Amino acid sequence: MSQPTFMQFAAALIALALPSCASAQETKAKKYAETNGWTIQSFSQDGGYLRCGATASGATYSFQKSSEGFTLLVASSTKGDEAKGVVKVGDKSFGGAFYRMDDNRLGSFLKPPQLEAIKRAKSLSVTIGAERTQISLDGAPAALRKLAECDAKGGE
């Protein structure tokens, strides 16, 4: 599976952001499942499936899965629509771009090597500028499997 280009990612973000600008369109979340301390939700707009998301109880981070791939979202006060960041899983560091998802979160696509490392690790950290977020991966392998299942079924 090839990684989306910046333009594809930007188009996907615009498509997700536009509904919040129009009062007639509303993004709805529906609980899909719970697994190992993670809640999986599907998101739709006007009856059309958008994506699925997995959040650990009380966490400020989440994983999402859509037709564009897996993303990791983290809370960030970093300004701007794009920032460079580093995801560190075990002894492996993966640099890349994080894109503005909403007022409080930045997101980055996860490449297959990152996903494989995440499935075997206990935690990961994300560094964006001076901000560092430590993420517990307890139960994450099961959550990622359920997230892929949710997306494959269109959130149903």
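At-a-glance table
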| quantity | calculated |
| --- | --- |
| ³J(HN,Hα), Karplus 6.51/-1.76/1.60, whole Hz, each residue of the stretch 132-145, x for Gly, Pro | 10, 10, 9, 10, 6, 9, 4, x, 5, x, 5, 5, 5, 5 |
| Summed side-chain charge close to residue 43 - residues other than residue 43 whose Cβ falls under 9 Å, Lys, Arg +1, Asp, Glu -1 | +3 |
| Debye intensity ratio I(q)/I(0), log10, the stretch 95-156, q values 0.13, 0.22, 0.24 Å⁻¹ (C-alpha model) | -0.44, -1.13, -1.22 |
| Relative packing of peptides 64-74, 84-94 - highest average C-beta neighbours within 10 Å first | 64-74, 84-94 |
| Fully extended contour minus Cα-Cα distance, from residue 130 to residue 84, at 0.36 nm per residue | 15.4 nm |
| Net charge dipole size for the stretch 17-156 [Lys, Arg +1 and Asp, Glu -1 on Cβ; Debye, nearest 20] | 400 debye |
| Sequence-distant residues sharing a close amide H with residue 105 (under 5 Å, placed H) | 76 |
| Ordering of 120-132, 141-153 by packing [mean C-beta count within 10 Å, highest first] | 141-153, 120-132 |
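Bear in mind these aren't lab numbers, they're just calculated from the coordinates by the rules spelled out. Remember, predicted model here, so these are calculated numbers, not experimental data. All Cβ positions, even for glycine, are placed from backbone atoms using ideal geometry, and neighbour counts span all protein chains on display.
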